[in-house]
Structure formats: structure tokens, C-alpha cells
Amino acid sequence: MNKRLRIAAVSFLNARPITYGLERGLGEDRFELRFALPSRCAELLATGEADLALLPTASYVAHPGELRVVPGVAVAGRGPVRTVLLVGERPWHELTSVALDGASRSSAALLKLLMRERGLSPAYEEVEHEGVLAAATGQRGALIIGDAGFEAPERYPHVYDLGREWTTLTGLPFVYALWAGRPEAVGPEEVALLRESLRAGLAHRAEIARGWAEARGIDPAVCEAYLQHNIRYQLGAEELSGAAAFIHRASVAGLLPKKALRFYDDGRAERPITTAKTAPPLPVPASAPVRPAGNGRGSVDALLADAAAGGRLDVDEAVRLYHEAPALELGAAADARRRQLHGDGVVTYIIDRNVNYTNVCVTRCKFCNFYRPPGHKEGYTLSRDELGRKLAETVDLGGVQILLQGGLNPELPLAYYEDLFRWMKASFPLAIHGLSPEEIRYIAELERLPIRTVLERLVAAGLDSVPGGGAEILDDDVRRYISPLKCSTETWLEVMRQAHALGLRTTATMVFGFGETPQQLFAHLEHLRALQDETAGFTAFICWPFQAEGTRLKLKDDTTAMRYLRVFALSRLYLDNFPNLQVSWPTMGPDVGQVALRFGGNDFGSAMIEENVVSQAGAVFKLSAQDIEHYVRTAGFTPRRRNMRYELLAV
Amino acid sequence: MTALAAIRERVRGGQPLSFEDGVALFRHPNLLEVAALANEVRERLHGDRTYFNRNFHINATNVCVASCMFCSFARLKEGDQGAYTMKLDEAWGKLQARVDAGEPVTEIHIVNGLHDGLPFDYYTDLLAGLKRIKPSIHLKAFTAVEIHYYAQHYGMTIEEVLTRLRAAGLDSLPGGGAEIFAPRVRRKICDDKCNADEWLEVHRTAHRMGLRSNCTMLYGTIETLDERVDHMLRLRALQDETGGFQTFIPLAFHPDNNALMKLPAPTGVEDLRTYAVARLLLHNIPHLKAYWVMLGIKTAQTALWFGADDLDGTVQEEKIYHMAGAETPQAFTPDEIVRTIREAGRSPVERDTLYNVIAEGAALVPDRPFRRPVRRSLEVLS
């Protein structure tokens, strides 16, 4: 008979919903559960006394061996968490030391990170778990974790909620703990049971809170509010972005080693197809067959398997996969990765309108059909009347945003955009997703102002987010060839860096098929990934093949579907820190866009009302929101509308 | 063991799949796992080889006594708006023009409406005239529905019709007109057509006479997934009996300009799923064709990883699907086909109708940059 899986879990209140089902006999023939402090959970895993443990994120990273994470379940929070606090009699810049216990490595690392971000470097003193509260006197603060935090606000004049501080700093959730274990310890059925345990716990939060409160003499309402509002238990794309940002920052600060989160395969794939009237849905499938190794296939398989689990590829590895990995296996790996990030089977889309406010442009890019040079008789800048009509139509059609992009028009100063944005914001309930880095760079140049100043003034006037256009291929050799007057790789990235620093979220794009080498293509992704490590400001990545028809570039048309799907799947694998990948149906057609949902995509883009730049080079696809939902459903996903920040909207 | 794992074992063991297996494959949530298994079968049969030929279509008349709801091509009688019947000279001229231009076409695909006013000689003369112009041309002509209609209309047996057509130059039968075999569906969408048994009987007879043929399935109208599986299993049963089918061609319904306009066309994922399931169910039919005219070039290319091993041919002058709103180009040049196949990571093979290899590898047209001669594929869902 098989030995039962030995599980170690934290006994804190916030973990009880996760273990609720397990504590009540769910999967008892498979599992053996014990409780311990977070740091002890890590030890049990390290010594082999446990197979799976609820670990602080930092302990996962610091673990000497290879671990896998159970997808979809975590103790996380966005904003105030109430149970990870820095307390003291003085404000934190006056603290010369901080007492902390060894109970949670993540909280300690988070504290040190937040201190460093403020340029503070107090001494850290390890004390016994029980003695922490008493340690906060004078210029010595204390890091409090757990229930003690509920009472801290009344006892100390200065209380800092580290969850709130983290979200303020990064705009992201913080992942406090996750299930992690030996790579082979857990299969799809155990994953399903662990999720079921949480599902049951979430349904019984009030009961858990009551039991906890009674045993400790705390107010049950406080405990219940905590479980309902401060802790979130899903491990989705947002949470994973938060975890990745934490690991990256902590490693840069030398607090933790750098390590990617790798996942168990949960073997799920959303809804079964339901157009027929017979046969019940199938049980959980096994994973796809893998071709026998041979001719170096072995290491391609290993690379793919690691990337599918969440491991990080480098450029050379990605180039190798680009050349050697079979199409379906690339797709399956990207699909597994998508499932880790978006295990709910939701595919999002937005209703917005692409308004090209001017076609006058000084850059003369060879691949562009849209621009007219200054002085050309076909040049235009939209009037307020024309704009107003387009914006009103957008609102009528349920649109939530305007994607506002145009040429680099020397007639339009910064004040034009400020007036325009203020007028748009005053007149229409629409978000402004506007001005690609190229346009922002050009305005800065025209006005002889720093990029940051331009961005600040645009934000003050109403700019909500920045589209990632104009990236093409971020390689200066390629850029010099196709668009010699456009900004350099470094400038494009710098505008995005500045935008992220101001709290703007942006997207990133790639247009491929200019004759660039695979090395150049993946170097582009490397630039994006490195900046995302630094800022976590990108919401999504979108790529499409260059459409040659009618442009001045003498290149073959590079729109074949299989190349797109391969590049798309590799992008999902490479950009491990990007929460969302948008398929490009406007250029590839809705059918290939739909297939790309199975090659790593989780967003169907926009129900588009118009799109000038691409349509002038040949593509004329149009889909309504209803069409998009049909494509999403028939691919086995659940369609949901979103805004630019990928927040789901009630319809 | 999960249902898919059991199916995988049967597929690898060479056992035929059951009706339940077929339905399970259609409903299995993970498209790529089904595809991986279909691709395994495809590669076992053909490796990376992907076939195409140089062909063109003649649709000699669109006058048709049948009123199928999915059809945008047919006109009920001569004189109706858009109705046409080619003069024989006109039809022959299409081949003559290609011969004169030095185009190495190897096949003509001929499919027509069920015209009640033409003599049977029209068809035999059509074939004989084409053979006179180019004796080596392969004439793949007349669906089982047409053959069945001729037998009734001209008072002959199926065998007599086929014998006379063969004497005039008929080389093989295309697979059209099968639609969906389920009587429930046929009554609703193509009540005037021959029924499933009659369709199968024509092919049975042809196979017995040594003629090869193809077979099809029109999917995406009102049929259930069960009815698709049932359809394929009936084809498989005849193939067990005769071995005369070369290729199965799933045909996606196109909703423009016909009586079923309210239905959405099948989407890319549904198309690819149907291909993958077909490859797994029809283990005894050697080839699976991604007919680019109706799938669109992009989906057809993708289907090469979902079980398909054939892209049909250069086609030219296709009318039936284009009148139903297909916005694919009218033609696909050999250069483009070769490049499309290579870009998918497959090896192009130019074949004749009977799958004899004409050229492959370096002997095929060079892979040079290409321009589409007609307009780009649009693949719009209206």
C-alpha cells in the first residue's frame, strides 16, 4: 500500500480555510496532516519529514532543492493584511533596530525590503516568538505576525501594515504562503483535493472565524472580516505577478536567492465541449504523450517541461525550442503555463475604440501604410467634432476605453494633448489608453522637456495607461532598417520604465517577420521580461506578424498561422512574469486567434470599432462582443469583459 | 485509467475506436491532447509528408432540382437569376487555356447541379472532350448524388451510369454530397438528395468496379456531435468492406447566402477538433484533407498538426464555397502551397489524384518569396 502524503501546514487563522477540508477527513486515505509554524514547515520539507507544506514564499525560494507549487491556492492579500505589522513607539524612520522572530521568513524579507526601499537600515534582532510584542520599546520596533496583529493598533502609536505598504509600492498583491512540495509528490488528483479543501473552507469562513475567536477570546467579527476581506486565497495571474516581483526585488537586494515558481501539472483544461446531447463530461485526463527522446530531443523535452512548470528560459534555450520543438508540444507547454496563471478558464476581452487622432508623421517607417508626411494633402488631425462623435459612439456601444494613438505630428504640442485629455475626461466616461512610447518621446523632444515631466502632465490631464505600440522588434539593427527615425530600444524601454514609476500600467507588443533572426526576436522578449522584473508595470503582451502588403518593405508576407502560433506559445513561456497574453485576431483572423487561446493566450483583445494602422495594410476583420464571446465559448473558455487593468467588469 | 488514456492505448494498439470513443474525443476538454494523439497517427501514416496537387474545378451547371438549405450555389431552373449552364466548348476551353499556358495541371474536379434538362451525353461528351485535349488528365467527377440522380433520371442502374462515364474518361469520384447521414438532419437540410444508403451504394459500386473515390462530411449545420461520429463510422464500415476511399474531407458549413444564414460558421477550434477526431476514428482511410477553400489557408495550415496530411490543390475557379461567402482566394499557387507547408514544419509532396508522388524535396518549386496573385484570405465571420 502506498504511503500517505505527509502534509505540514501553518496553524495560523489565515491558513485554516486552506486546510478546512483536510482537517475534516477530505482525502484522508491519501493525506496525513500536521500543523507547525511557517519556518518549521520549511524545515520539515527540507529534512524529508514532510512531502508537501504550506510555505512562506521566501522559504520556497530559499529551499535548497527543487520544489513545485500547487496551482491556484495561496494565502495572499492586496493591501492591508492586518497580521504582518511593523509596530513601535516611534515612526519607522526613527527606529534603530527591529525585533523579529524566526516564524516567517517572508514577512522578515518583506520588512527588510520595504526598509531598504525607504533608504532605512535598522539592525534586526532575532527574539523568541512569544517575546516579540514586548520588544517594541523606544527606538526598537517589532515585526508582529499572526493574531497579535489584531490588537496592535491599540497598543502602539505607530503601526505599519506591510501588506498595505507592499501594494502601495508595487500595485500588486503579496503572496504570503503557498503549497509547495517535492516535484513528484503531488498529481492532478491531489491538486483537485487540495483545491476542494480550500473551496469547502471558503464556504465556512464564518464558522472558522467563530471557532478561532472563541478559543482565543477575540471578537469573531474581527476574525471573519479578516478572512473575508484581508486575505485572498486564489493564486492567479495578479498574485503570481506579486510573488515574482517580491522574489525579484528581494534577490536584487541580496535578501533571497533568485528562483522561479514551478508548478505541479493540474491536468485540467476547462469546460468540456457541450454542443452534443449525450455522454457526461470526461474525468480528469492524463497529460499529453511525449515523443521518445533521441537526437538531442531529450533536452528539448526537458526544457519544455521545465518552462511549462514555470521555469525561466534564456535566449539560447528559446531559440533552440523555436527551431526544434514540435508545434503541439510548444502549444501544450504554453497551455499549461496559461492554466497556472488563469486556472479559472476565463478569457477576457475589452470593448474599446482605436482612434488615430492624426496621420501626420515625421518618421516614415517603411512598414507603415498609414502615415502622411507633414504638408501632404491627405494628412489629417481629427477635429473635436469628429472625435466627439467617435467617443459618443464608443460609449453607446458599451466601450470603456479609447486607445488613442497617432503619428508624430510636429504641429501638436503637449498643450494639445493636455487640452484634449481634459476635454475627453470631462465629456465622456472613458479611460484613456493613449500615446505609445514613441509619441511620448517625440512630445518630450518637441517641448525640450524630460520624459517624466511629459508623463506627469499627461497623467494630470487624464492619461490612464500607455499602449505598448511602436516596439516592433527591440533590436537597434532591425530598427535602423525598418524605421530609422524611430526611437531606440533603450528609449522605448525608458519611457515604459518612467510610466511604470508613475504608477501607470502599460502593455507591450512585438511585431515580427521583418527578417529578424530568432536571437533578435527573443532578445526583444528578454528586454521586456527584464523591465517587468524591475517594475511589474506591464499588464499584457501582444504580438503579431508584420503584414507586408502595400508597404515599402520588400519582404515576403509573413502571416502564416503556424509561425504565429509558435512565436505566441514561446512568448507565453518566455514572458514568465507577464500576467496576460492577448491573441491578435485583427491580424491573424478570429479562427487562428481562437486557436492561440490553446497556445497560451488568455485574452481576446478588443471588440474593435476601428483600427486604421493595420487595416490599411490589408486586414479587415471585425468582431462584435457577441462574436468574441462565441469564439471564446467554442474554444472551451468562459468569456468576461475587462478594463485595461484586466479587472473583470460586471455586464 | 482515464477515457483518453484508454483511447490512446487502443489507437496505439491499432484497434478501431468505438462510437463512445468518438463522442468522448469530441467532448474532451483539452484540444491539444486530442490533437497530439491524432498527430501521432498522422505521423505514423505519413511522417511529415503533406500532399497537394495541381488541379482546377469545373462546375458546369448550377441548375439543380434539389433545394438544399446550406447551398448558395444552386438555382432551381434555367433562367433564374444567376443560373448558368456551360456550353461544352466553354468547359473544354478552360482546360485548353491551361494547356496553352503550359500549366502542368494533373486533375480536374467536376461537380454540378442536378440539371433535369440536359441529355446524359452532355456529361459523357464533357469528359471525352477533356480527355481529347489532354489524355493524361485525371477526371475526378460527379458526386454520388449526381450519379444516383443520373441513374434515376435517365433510367439506368448505378453500374450502367458509372460504366458509361468511365468509358468516356471518368477516373475517380469526388466525395461530395454525403453531408450528414443521419436521416433527421438530411430531412431538414437536404431532403431532395439521395439518402445515406444510396450515397454509400454508389461508392460501393464504384469501388467494386475498381474506381477510387473520396468521402466527405458537411459539419456545422444542425447536426449533433453524435451524428458526426455516426457519419464517420458509416464511412469506416464501407471502407472496411471495399478499401476504395482514398481521402476523407470534413467540410465546414459556410453560412452566407443560403437558408441557414442564421447559424454561425464553425470556429477554428471546432474545425481543428473535427479534423483530429476524424483522423482517430477513420483509421482505415489513408488521407485526411484540409480543404483550404473552405477552411481558410491559415486554419488549413494549422490542421496539418491536427491530423490532416493533404491541402487539396491549386483549385482555381471554385464556385460552390465562394458563393456561400468563403473569402479565400480563388487560387493557391504551387509556390504558396509549398511555402505554407514548409512554414508549418512539414514536407510538401506534389501528388497526382491517386497519391502517386510527382515531386518532393528539392525537386519541388524553390522556396522563394511569394506574392498572392489574388486577394488575401479574409476568413471573416459575418
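Computed quantities for the displayed model
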| item | result |
| --- | --- |
| Residues (closer than 21 Å to A:PHE538 by Cα and either facing chain B (nearest Cβ under 9 Å) or small (Gly, Ala, Ser) (or both)) located in the range A:573-602 | A:SER584, A:ALA596, A:LEU597, A:PHE599, A:GLY600, A:GLY601 |
| Where a residue in the range B:139-164 is over 14 Å from B:ALA66 (Cα atoms) and its partner, wherever it lies, is among the basic types (Lys, Arg) and open to solvent by 10 Å² or more (accessible area, probe 1.4 Å), with Cβ under 8 Å and at least six apart | B:LEU139/B:LYS131; B:MET156/B:ARG164 |
| 1 or more residues touching a residue at least 40 places away in the same chain (Cβ under 8 Å) and under 24 Å from A:LEU172 (Cβ atoms): qualifying helices (runs of 4 or more DSSP H) within the range A:417-523 | A:437-447, A:451-461, A:489-501 |
| Only listed residue being under 23 Å from the mean Cα position of the chain (by Cα) and open to solvent by 30 Å² or more (accessible area, probe 1.4 Å), chosen from B:HIS153, B:HIS115, B:HIS138, B:HIS109 | B:HIS109 |
| Residue among A:THR506, A:THR539, A:THR491 that is open to solvent by less than 10 Å² (accessible area, probe 1.4 Å), within 24 Å of A:ASN409 (Cβ to Cβ) and hydroxyl-bearing (Ser, Thr, Tyr) | A:THR506 |
| Test: residue in the range A:383-404 that is out of contact with any strand residue (DSSP E or B) (no Cβ under 9 Å at 6 or more places or on another chain), of a type in the set (S, T, N, Q) and closer than 15 Å to A:LEU502 by Cβ | no |
| Number of the condition not met by B:ALA24 [criteria: (1) within 13 Å of chain A (Cβ to nearest Cβ); (2) small (Gly, Ala, Ser); (3) out of contact with any Lys or Arg (no Cβ under 9 Å at 6 or more places or on another chain); (4) surrounded by fewer than 23 Cβ atoms within 10 Å (Cβ to Cβ)] | (4) |
| Filtered residues of the range B:274-312 (kept if facing another protein chain (nearest Cβ under 7 Å) and part of a helix (DSSP H, G or I)) | B:LYS298, B:THR299, B:GLN301, B:THR302 |
| A:LEU553 being farther than 27 Å from A:TYR371 by Cβ and modelled with pLDDT under 95 | no |
| Members of the range A:381-411 found to be open to solvent by 30 Å² or more (accessible area, probe 1.4 Å), closer than 26 Å to A:ALA471 by Cα and assigned to a loop (DSSP other than H, G, I, E, B), listed by number | A:VAL400, A:PRO410, A:GLU411 |
| Contacts under 9 angstrom Cβ, first residue in the range A:623-638 being facing chain B (nearest Cβ under 7 Å), partner of a type in the set (D, E, K, R), 6 or more apart | A:TYR631/A:ASP591; A:THR634/B:GLU270; A:ALA635/A:GLU270; A:ALA635/A:ARG598; A:ALA635/B:GLU270; A:GLY636/A:GLU270; A:GLY636/A:ARG271; A:GLY636/A:ARG598 |
| Some residue of the range B:78-87 being open to solvent by 10 Å² or more (accessible area, probe 1.4 Å) and within 14 Å of another protein chain (Cβ to nearest Cβ) | no |
| Matching residues in the range A:334-352 - criterion: being within 10 Å of another protein chain (Cβ to nearest Cβ) and open to solvent by less than 10 Å² (accessible area, probe 1.4 Å) | A:ALA334, A:ASP335, A:GLY345 |
| Selection from the range A:113-128 of residues that are open to solvent by 10 Å² or more (accessible area, probe 1.4 Å) and within 26 Å of A:SER251 (Cα to Cα) | A:ARG116, A:GLU117, A:ARG118, A:GLY119, A:LEU120, A:SER121, A:PRO122, A:ALA123, A:TYR124, A:GLU125, A:GLU126, A:VAL127 |
| Search result, residues across the range A:212-228 that are open to solvent by less than 40 Å² (accessible area, probe 1.4 Å) and under 29 Å from the mean Cα position of the chain (by Cα) | A:ALA225, A:TYR226, A:LEU227 |
| Some residue of the range B:228-251 being within 13 Å of another protein chain (Cβ to nearest Cβ) and either at positive phi or outside any helix (DSSP H, G or I) (or both) | no |
| Among the candidates A:PRO326, A:PRO285, residue that is within 9 Å of another protein chain (Cβ to nearest Cβ), surrounded by fewer than 22 Cβ atoms within 10 Å (Cβ to Cβ) and modelled with pLDDT of 80 or more | A:PRO326 |
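Condition check ((1) of a type in the set (Gly, Ala, Ser); (2) touching a Gly at 6+ places or on another chain (Cβ under 8 Å)) across all residues:
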position: B:GLU90; (1), (2): no, no
position: B:LEU95; (1), (2): no, no
position: B:PRO104; (1), (2): no, no
position: B:GLY113; (1), (2): yes, no
position: B:LEU118; (1), (2): no, no
position: B:ALA144; (1), (2): yes, yes
position: B:MET156; (1), (2): no, no
position: B:GLU159; (1), (2): no, no
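So that you can scan it fast, the table gives a plain yes or no per residue for (1) farther than 28 Å from B:ILE297 by Cβ; (2) within 14 Å of chain A (Cβ to nearest Cβ); (3) at pLDDT 95 or above:
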position	(1), (2), (3)
B:MET1	yes, yes, no
B:THR50	no, yes, yes
B:VAL65	yes, no, no
B:PHE70	no, no, no
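The values are calculated or read from the model by the stated rules, or taken from the named source; none is laboratory data. Please read all numbers here as calculations on a predicted model, not as lab measurements. No Cβ is skipped: glycine too gets one built from the backbone with ideal geometry, and neighbour counts run over all protein chains shown. To get the accessible areas, we keep the full protein, side chains included, count just its heavy atoms, and leave off ligands, DNA and RNA. Shrake-Rupley method; radii C 1.70, N 1.55, O 1.52, S 1.80 Å.
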